[in-house]
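Here the structure is laid out as structure tokens; the discussion comes afterwards.
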Amino acid sequence: MTALLAARGLSAGYGAFQALFDVSFEVNPGEAVAVIGPNGAGKTTLLRAISRQVDATSGTLRFDGTDFTGMPAHQVVSLGIAHVPEGRRLFPRLTVADNLRMGAFPAAARVKFDERLAEVYELFPRLKERAGQLAGTMSGGEQQMCAIGRALMAGPRLLLLDEPSAGLSPVMVQAMFDLVRRIRHAGYTVLIVEQNIRQVLQVADRGYLIEAGHLRRSGTAEELLESQEVRRAYLGVA
């Protein structure tokens, strides 16, 4: 199987600060792949490098065989990659419907606007109920749904999720991972960065552990959950 996304020897950072060192990984079509690790490990930088918000200092990125390492960020969405950043980054003074409309900005997405909107409302009925509400007045969980829905409006082949459960109540955390399952079942390929390791490995097929900018371990979700290293360091199990 040809990887949908493949990174080889990827390094990236911010000015003189290097956050990622020689990271190689891949995501296959239809998979949900988790990137786990502690705060400051470089997980968010990895997603930003993929969506071209951060320049790679070395290495390559390929999407369905096409090298997009130097592609401008605004073209990445048209390539088929949508990024839901940590903190959601909605337009708080626009309605839910207008935020979703912003997700369909690429020309190719506008053609299928009605079809995609119906799909998003089917996945997230709450958004249809809140269509006329200002996005900034919704709960954190509802805002996260809106941010994911906005990304799906572009019709992505790969969805990047950065800490989707951050800042949510325990009840909403569970609801958010249920939403990730539904997105997977709808046929989307997902790369998800998450600190809630036990939960994310229950919805992912495979995972990569990043520490201090280096890829330390990879395996199936089950292998990582059973790893003594992961259990001791991140799950509090000896």
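General observations
- Any hit, segment 61-73, residues being of a type in the set (S, T, Y) and over 30 Å from G42 (Cα atoms): no
- Restricted to segment 151-238, the set of strands (runs of 3 or more DSSP E) holding at least 1 residues that are β-branched (V, I, T) and touching a strand residue (DSSP E or B) at 6+ places or on another chain (Cβ under 9 Å) comprises 189-193, 206-211, 214-220.
- Hits in segment 27-68 - residues which are part of a strand (DSSP E or B) and either among the hydrophobic types (A, V, I, L, M, F, W, C) or crowded, with 18+ Cβ neighbours inside 10 Å (or both): V27, A32, V33, A34, V35, I36, A56, G59, L61, F63
- Answer from T60, T45, T95, T66 - the residue that is over 19 Å from the mean Cα position of the chain (by Cα), closer than 29 Å to L168 by Cβ and of a type outside the set (D, E, K, R): T95
- Any hit, segment 118-133, residues being in contact (Cβ under 8 Å) with a residue 60 or more places away in the chain and either in a helix (DSSP H, G or I) or within 28 Å of Q199 (Cα to Cα) (or both): yes
- Scanning segment 38-77 for residues that are among the aromatic types (F, W, Y) and more than 20 Å from A154 (Cβ to Cβ) yields nothing.
Values quoted throughout were computed directly from the atomic coordinates according to the rules given, and no laboratory measurement underlies them. This is a predicted model, so every value here is computed, not measured. Using ideal geometry, Cβ is built from the backbone for each residue, glycine included, and neighbour counts are taken over all protein chains shown.
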